[in-house]
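Report on the following structure.
Coordinate-derived values only; no laboratory data. Keep in mind it's a predicted model, so treat the numbers as computed, not measured. Cβ atoms come from the backbone with ideal geometry, glycine included; neighbour counts cover every protein chain shown.
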Amino acid sequence: MGPLTHGLAVLGLLAGYIVAKLAKSELKLGEKYFILLQNLLAAGILGTIIWNYNHWASALAILFFLILWKFSFKHQIIPMSVVLGVLSTYFSIDVLIFLYFIPTGTLYQENWKTLLLSAALYLIALAIGTIF
């Protein structure tokens, strides 16, 4: 896929933000399901990377996912966006990233600055991954 499709995956954050703003009353009830969906999609991304194991990026991705899983960050979306931006250039996981960003955007809808920062970092990591 081309660089444009890699970049469009970040629109999942916007879609999640819109979902959160349209369905404010259901957010508290559905929060545990959004977290479950986010974890399942992260597992799907990791599974796809393992399935397509072809070079060092797979081993690096597994290492980053284990670090993110083991250590809790205040805003886990920020390092995850950087990792997904780099990996998107090596693997065809754009649809999974888009789907991963929807519940993420919904969960972080109150902290829109973090959403903007993670979108910018995803695009910067994507550009760096494309260059190398």
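Karplus couplings for the range 93-102 from phi (6.51 cos²θ - 1.76 cosθ + 1.60, θ = phi - 60°), rounded to Hz, Gly and Pro as x?
10, 4, 5, 5, 5, 4, 5, 5, 6, 5
Which order do peptides 38-49, 99-110 fall in by mean Cβ count within 10 Å, highest first?
Values: 38-49: 17.2, 99-110: 22.8.
Packing proxy ranking, top to bottom: 99-110, 38-49.
Could you put F65, F71 in order, starting from the residue whose Cβ has the fewest other Cβ atoms within 10 Å? Mind dumping the intermediate values first?
Working: F65 19, F71 9.
Least to most surrounded, the residues fall as F71, F65.
What Kirkwood Rh does the range 1-40 have if only Cα atoms enter the pairwise 1/r average? Answer in Å. Intermediate values should be presented prior to the final figure.
Numbers: mean 1/r = 0.0862 Å⁻¹.
Computed over Cα pairs of the range 1-40, the Kirkwood hydrodynamic radius comes out at 11.6 Å.
From the backbone phi of the range 16-25, what are the Karplus-calculated ³J(HN,Hα) couplings (6.51 cos²θ - 1.76 cosθ + 1.60, θ = phi - 60°) in whole Hz, Gly and Pro given as x?
Values, residue by residue: x, 5, 5, 4, 5, 6, 7, 10, 4, 5 Hz.
Considering the values (i) 0.96; (ii) 1.12; (iii) 1.95, which represents Rg/Rh (Cα atoms, Kirkwood Rh) as calculated for the structure under consideration?
Given (i) 0.96; (ii) 1.12; (iii) 1.95, the structure-derived one carries the label (i).
HN-Hα J couplings of the range 103-111 from phi, Karplus 6.51/-1.76/1.60, θ = phi - 60°, integer Hz, Gly and Pro as x?
x, 5, x, 6, 5, 9, 5, 7, 10
Counting other Cβ atoms within 10 Å of each Cβ, which trypsin sites (Lys or Arg not before Pro) in the range 26-132 have at most 13 and sit in a DSSP loop?
Details: sites: K28, K32, K70, K74, K113; in loops: K74.
When the trypsin sites (Lys or Arg not before Pro) of the range 26-132 are filtered for loop state and at most 13 Cβ neighbours within 10 Å, K74 remain.
Helix-only mean residue ellipticity at 222 nm, the chain, DSSP H runs n ≥ 4 weighted -39,500 (n - 2.57), per residue, nearest 500. What is it? Can you show the working numbers first?
Details: 7 runs with 104 residues, N = 132.
Calculated mean residue ellipticity at 222 nm is -25500 deg cm²/dmol.
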